[in-house]
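The values are calculated or read from the model by the stated rules, or taken from the named source; none is laboratory data. Note that this is a predicted model, so its numbers are computed, not measured. Positions of Cβ are generated from backbone atoms using ideal geometry, with glycine treated the same way; all protein chains shown enter the neighbour counts.
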Amino acid sequence: MKPNKNIKLGDAIQNAERYIEQLKAMDDKQLSKHLDLFRQQMQIAYTQGNHKAFELLQEYERQVIIGRLSKNFKE
């Protein structure tokens, strides 16, 4: 496993709010495709035992879900 995976996960967490705002500007169909892709990649990472990649993809999935919910269920 490359050490830069930790940096990417840290970066994804640190910049989550900014990323979520960008995601909210995307079309719902695009967000759905992102979720499908992340879930496919998570399955591959899990099968390969690549825990760092799995954690990173989980974070991306979480951010897409939050962005999608924020976009579709504004207060």
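Under the condition of being small (Gly, Ala, Ser) and more than 17 Å from ILE13 (Cα to Cα), which residue from region 24-75 is modelled with the lowest pLDDT? That would be SER70.
Taking first residues from region 50-70 that are part of a helix (DSSP H, G or I) and partners that are basic (Lys, Arg), the Cβ contacts under 8 Å between residues at least 6 apart in sequence or on separate chains come to LYS52/LYS5; ALA53/LYS5; LEU56/LYS5; LEU56/LYS8; GLU61/ARG39; GLY67/LYS24; SER70/LYS24. The set of residues in region 11-39 that are closer than 15 Å to GLN58 by Cα and either in contact with a strand residue (DSSP E or B) (Cβ under 9 Å, 6 or more places away or on another chain) or exposed (fewer than 11 other Cβ atoms within 10 Å of the Cβ) (or both) comprises GLN14, ASP36.
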